Amino acid sequence: MTNNPEPIDARTQDLIDGYLVWDNHSCMPLRADDHSFLPQLAQFRDAAVDIVSLNVGFDSVSWENTLPMLHSFRDWISKHDDEYMLVATLDDIEQARNSKRLGIHFDIEGASALNGCLENIEIYYQLGVRWMLIAYNQNNLAGGGCQDEDSGLTEFGREMLDEMQRVGMVICCSHTGLKTTMQVMEHANQPVIFSHSNPAAMWQHKRNINDEAISACAETGGVVGVNGIGIFLGDNGATIDNILKHIDYLVELVGPEHVGIGLDYVFDQQEVNDFVKENPHIFPPEEGYAEGLEMLAPPAIPHIIQGLARLGYTDEDLRKIMGGNHLRIAQQVWK
């Protein structure tokens, strides 16, 4: 965290102890032979997070790296099953929490990981992938990215959505262009999420989403997970105050039933900053990426909850935002 938050008070601690806490997106290095950062997942456990979604691939990384990453992460989790647990079912979520282990499932950022093969969706689902987004900043075989000239949802994209719905995988529109996003919302017959996106009305950035997209997400029954990346929160300000303002805006717009947490914390920050600088076509410098990405780390989560409580949020509203909304999506979609 870039600010100095107050200690956690008794009410917040009671909320954390009593309700499910779920961060719907975090990123480890995508190097299958490197487990050196994985012990840092303890940051989530120390912050009393119950469930986290761990990224295993995005469009700018070869699709051939996805299966090795899944096998690598699954192997590490199985060897540390006293502290961590792969969650694949609703019962697993409850079991992980009751046993005080961090529950982990996986996500994929963009359809390029399919390599044009819809059958890969079920394979990824069986290996623990529980959501996948359409396109990562740039256009791909399925649709348009938010940093590109959005070409819209393709026929392959529609078939992809149908297959995701069949197997029980959640559809995500973070990093996706507005035209494609709205077409996804029209096509889907299950809740659609933004796993880690912030409202553009609070800070203008192509990665942020406008009110039209937020409202369409809510109309599907979906959830917007607010991220902790400084350039998306405002002027590279990765602070508790900034993220509270974004959450509060979303709640005012669509209600607490459609808001959650997806910090998008990257554990190897040197790697991500180097990658951003080396790929200006994906991360345009004029959009602020070249500044280096400040971000809120997992220990910020209890302070976010405390900040919302002090803004007057009820216990029931906090239950939903902390993780209840992500759980509801799992209940509606997972199979």
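When DSSP beta bridges are limited to those with both residues in the stretch 30-180, what percentage is antiparallel, rounded to the nearest 5?
On the way: 1 of 18 bridges.
Bridges in the stretch 30-180 are about 5 percent antiparallel.
Just to confirm a number: summing +1 for Lys and Arg and -1 for Asp and Glu over residues other than GLY288 whose beta-carbon lies under 11 angstrom from that of GLY288, what do you get?
Values: positive: LYS206, ARG207; negative: ASP235, GLU286, GLU287, GLU291, GLU294.
For residues surrounding GLY288, the net value is -3.
From the list (i) 20.8, 64; (ii) 22.2, 72; (iii) 18.0, 52, can you say which value of Rg and Dmax of the Cα atoms in Å was derived from the structure given?
Recomputing Rg and Dmax of the Cα atoms in Å here gives the entry labelled (iii).
Run the numbers for GLU159 and ASP235: contour at 0.36 nm per residue of separation, minus the present Cα-Cα distance, in nm. Mind showing how you got there, number by number?
On the way: separation 76, 0.36 × 76 = 27.36 nm, distance 3.88 nm.
Here the answer is 23.5 nm.
When the Cα atoms of the stretch 146-202 are enclosed in a convex hull and the volume is divided per residue, what value in Å³ results? The partial results should precede the final answer.
Details: hull volume 4.8 nm³, N = 57.
Measuring per residue, one finds 84 Å³ for the Cα hull of the stretch 146-202.
Taking a probe of 1.4 angstrom, what is the accessible area of LYS79 in Å², to the nearest 10?
Spelled out: LYS79, probe radius 1.4 Å, area about 140 Å².
How would LEU141, LEU38 line up by accessible area, probe 1.4 Å, largest first? Could you put the intermediate results ahead of the total?
Values: LEU141 100, LEU38 5 Å².
Largest accessible area first, the list is LEU141, LEU38.
Taking the DSSP beta bridges in the chain as the whole, what percent of them are antiparallel, to the nearest 5? Let's see the in-between values first.
On the way: 2 of 32 bridges.
Counting only bridges with both partners in the chain, antiparallel ones make up about 5 percent.
What is the sum of charges, Lys and Arg at +1 and Asp and Glu at -1, for the other residues whose Cβ falls under 10 Å from the Cβ of PHE44?
Numbers: positive: ARG45; negative: ASP23, ASP46, ASP50.
Net charge in that neighbourhood comes out at -2.
Compute the signed sum of charges (Lys and Arg +1, Asp and Glu -1) over the other residues within less than 9 Å, Cβ to Cβ, of GLY230.
Details: positive: none; negative: ASP235, GLU291, GLU294.
Result for the neighbourhood of GLY230: -3.
Charges only on Cβ, +1 for Lys and Arg, -1 for Asp and Glu: so what's the dipole of the stretch 190-335 about the Cα centre, in debye to the nearest 20? Display every interim value, and only then the final one.
Details: 9 positive and 20 negative charges, 96 e Å.
Dipole magnitude for the stretch 190-335 comes out near 460 debye.
Rounded to the nearest 10 Å², what accessible area does GLU155 have for a 1.4 Å probe in the complete protein model?
Rounded to the nearest 10, the figure is 110 Å².
Counting only protein heavy atoms and a 1.4 Å probe, tell me what percentage of the chain's accessible area is made up of carbon and sulfur. Please report the intermediate quantities before stating the final value.
Details: 6000 of 12670 Å².
Using a 1.4 Å probe with all protein chains present, the chain comes out at 47 percent carbon and sulfur.
What accessible area, in Å² to the nearest ten, does a 1.4 Å probe give for ILE231?
Near enough 10 Å² of accessible area.
Would you calculate a helix-derived [θ] at 222 nm for the chain, using -39,500 (n - 2.57) for each DSSP H run of n ≥ 4 and dividing by the full residue count, to the nearest 500? List each step's numbers first, then the result.
Values: 14 runs with 130 residues, N = 335.
Using -39500 (n - 2.57) per qualifying helix, the result is -11000 deg cm²/dmol.
Translational diffusion coefficient, Stokes-Einstein: compute it for the stretch 235-335 using the Kirkwood radius over C-alpha pairs as Rh, at 37 °C and 0.692 mPa s, and state it as an integer in µm² s⁻¹.
213
How big is the gap, in Å, between the Cα center of the stretch 2-66 and the Cα center of the stretch 266-281?
Between the Cα centres of the stretch 2-66 and the stretch 266-281 lies a distance of 19 Å.
Compactness ratio of the stretch 154-303: Cα Rg over 2.2 N^0.38 Å, N = residue count? Write down the numbers at each step before the final one.
On the way: Rg = 15.5 Å, N = 150, 2.2 N^0.38 = 14.8 Å.
Its radius of gyration relative to the 2.2 N^0.38 Å reference: 1.05.
Name the trypsin sites (Lys or Arg not before Pro) in the stretch 5-59 that are in a loop by DSSP and that have at most 16 other C-beta atoms within 10 Å, would you?
Counting only loop positions with at most 16 other Cβ atoms within 10 Å, the trypsin sites (Lys or Arg not before Pro) in the stretch 5-59 are ARG31.
Please list TRP22, TRP63 from largest to smallest accessible area, probe radius 1.4 Å, with all protein chains kept in place. It would help to have the intermediate numbers written out before the result.
Working: TRP22 5, TRP63 100 Å².
Descending order: TRP63, TRP22.
If each Cα of the stretch 80-233 is one equal point scatterer, what is log10 of I(q)/I(0) from the Debye formula at q = 0.11, 0.15, 0.19 Å⁻¹?
So the normalised log intensities are -0.43, -0.78, -1.13.
Using the heavy atoms of the protein chains alone and a 1.4 angstrom probe, what is the accessible area of the chain per residue in square angstrom?
On the way: 12670 Å² over 335 residues.
In whole numbers, the chain has 38 Å² accessible per residue.
The values are calculated or read from the model by the stated rules, or taken from the named source; none is laboratory data. A quick note: this is a predicted structure, and the numbers were derived from the prediction, not measured. Every residue, glycine among them, receives a Cβ derived from its backbone with ideal geometry; neighbour counts consider all protein chains shown. With ligands, DNA and RNA removed, areas are computed over all heavy atoms of the protein, side chains included. Shrake-Rupley method; radii C 1.70, N 1.55, O 1.52, S 1.80 Å.
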